[in-house]
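The values are calculated or read from the model by the stated rules, or taken from the named source; none is laboratory data. The structure presented is a predicted model; accordingly, all values stated were derived computationally and were not measured. Using ideal geometry, Cβ is built from the backbone for each residue, glycine included, and neighbour counts are taken over all protein chains shown.
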Amino acid sequence: MVDREKAEILLGQVMVPAVNRSVSDLNLFRRIETKNNRLKVTLSNAALGPELRESLTKEIQDKLNGLDGIDAIAVDFEDAKPKDLNQIGKVVAVMSGKGGVGKSLVSGLVALSISREGKSVGILDADVTGPSIPRMFGIHDRPFGSESGLLPVSSSTGIEIISMNLLLPQEDEAVIWRGPLLAKVINQFWEDVLWGKLDYLVVDLPPGTGDVPLTVMQSLPLSGVIIVSTPQDLASMVVRKAVKMARQMNVPILGVVENMSYYQIPDTGKRVELFGSSKAAQMAEVCDAPVLARIPIDPELARYCDEGRIEEYDSEILQELRKTLPDILQNTLPRNREAG
């Protein structure tokens, strides 16, 4: 007699080679049936091309061949869409009214902090016309996929990433699109990418309060947003626009990150506020949310990002984020899509 429980445990160890995640992590496993010492495994074919389906079939048969009581193993695939399989715990957007304040950097550090707490996390790079997440994580591979959807690309530490830059012929090619097309891409990144089972999805928003942030707030079940600012008065003024947008869309503000907050002189440890005194506490009061971190100007961090090695970075600031983020994120609830 076939040991179904053992078979399911073994199936959970089968990896999808394109993303190095298991069929269970991607929520592809549908059911297992046994009859007359014959075993049939059914998976979803969402985002799986012919080569991946063939590879999975062989790996499943190799995994289960050693089970007692099995004379034959069949693997079948049934049609499904990624949006019907995705199970994402919480979706958090990183936003600012102003460009150049470091939203992508903060998105990367937030995802890295979550990952180092043992949680599964992905990044949806919604900055379609100015994506920088792939370069920061050293990712250049194109996503695998099929007519039914795409698979995100896994970073070296297992952070799942989808970005327009991964779909362009050259990473420096310009995306010159109007708002409706940009909004459509965001919806496709949400519905047509097989994220599978994730604890968190971080959405890196473009600057401003235009079509893309509006689409994200209306279409995605955001648990909240993290506001990024810098010490300059001008930046603070523009960021307030993003704060007002989030409130008008009924999206909770989870916290504030001040980037380029100061420079710490290596020899003395003295902090120099190059762009003026910190506005973090003031911005936190405006947002009615805590300060999650004040990120300094750190040449080492810039170098890691330029070299695609952000996952190797560690500092007191990252430790601070790892302390502040869990409490903030655990106390948020997934937001109903119609809430906006």
Take the range 127-160 and flag every residue that is among the acidic types (Asp, Glu) and modelled with pLDDT under 95.
Asp127, Asp141, Glu147
Within the range 320-340, considering residues that are modelled with pLDDT of 65 or more, loosely packed, with under 12 Cβ neighbours inside 10 Å and of a type in the set (S, T, N, Q), the one nearest to Arg247 (Cα to Cα):
Asn331
Just give me the residues in the range 211-258 being within 23 Å of Ala183 (Cα to Cα), in contact with a Ser or Thr (Cβ under 6 Å, 6 or more places away or on another chain) and among the small types (Gly, Ala, Ser), in sequence order.
Ser223, Gly224, Ala242
Residue list for the range 102-126, restricted to those being among the basic types (Lys, Arg) and surrounded by fewer than 24 Cβ atoms within 10 Å (Cβ to Cβ):
Arg116, Lys119
Between Gly269, Gly308, which is out of contact with any Ser or Thr (no Cβ under 7 Å at 6 or more places or on another chain) and surrounded by 12 or more Cβ atoms within 10 Å (Cβ to Cβ)?
Gly308
Give Ala72, Ala93, Ala80 a once-over and let me know the one that is closer than 21 Å to Arg247 by Cα and either touching a residue at least 24 places away in the same chain (Cβ under 8 Å) or among the acidic types (Asp, Glu) (or both).
Ala93
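From the list Asp25, Asp76, Asp84, exactly one residue is farther than 30 Å from Pro207 by Cβ and crowded, with 17+ Cβ neighbours inside 10 Å. Which is it? Step through it out loud before you land on a result.
Numbers: Asp76 fails: crowded, with 17+ Cβ neighbours inside 10 Å; Asp84 fails: crowded, with 17+ Cβ neighbours inside 10 Å.
Of Asp25, Asp76, Asp84, the one residue that is farther than 30 Å from Pro207 by Cβ and crowded, with 17+ Cβ neighbours inside 10 Å is Asp25.
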Those residues that are free of Cβ contacts under 8 Å to residues at least 40 places away in the same chain and surrounded by fewer than 21 Cβ atoms within 10 Å (Cβ to Cβ), I need them from the range 154-173; list them, please.
Leu166, Leu167, Leu168, Pro169, Gln170, Glu171, Asp172, Glu173
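In the range 127-153, which residue that is in contact with a Phe, Trp or Tyr (Cβ under 9 Å, 6 or more places away or on another chain) and either more than 14 Å from Asn20 (Cα to Cα) or among the β-branched types (Val, Ile, Thr) (or both) is surrounded by the fewest Cβ atoms within 10 Å (Cβ to Cβ)?
The extreme case among them is Thr129.
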Taking Val251 as the residue in question, decide whether it is touching a strand residue (DSSP E or B) at 6+ places or on another chain (Cβ under 6 Å), assigned to a loop (DSSP other than H, G, I, E, B) and among the aliphatic types (A, V, I, L, M).
yes
Quick one: Val75 ticks every box in (1) in contact with a helix residue (DSSP H, G or I) (Cβ under 6 Å, 6 or more places away or on another chain); (2) closer than 30 Å to Ala302 by Cα; (3) not polar (S, T, N, Q) except a single one, so which number is it?
(2)
Yes/no for Ala284 being assigned to a loop (DSSP other than H, G, I, E, B), farther than 19 Å from Ser132 by Cβ and among the aliphatic types (A, V, I, L, M)
no
Across (1) crowded, with 20+ Cβ neighbours inside 10 Å; (2) farther than 25 Å from Leu321 by Cβ, Ser229 clears everything bar (2)
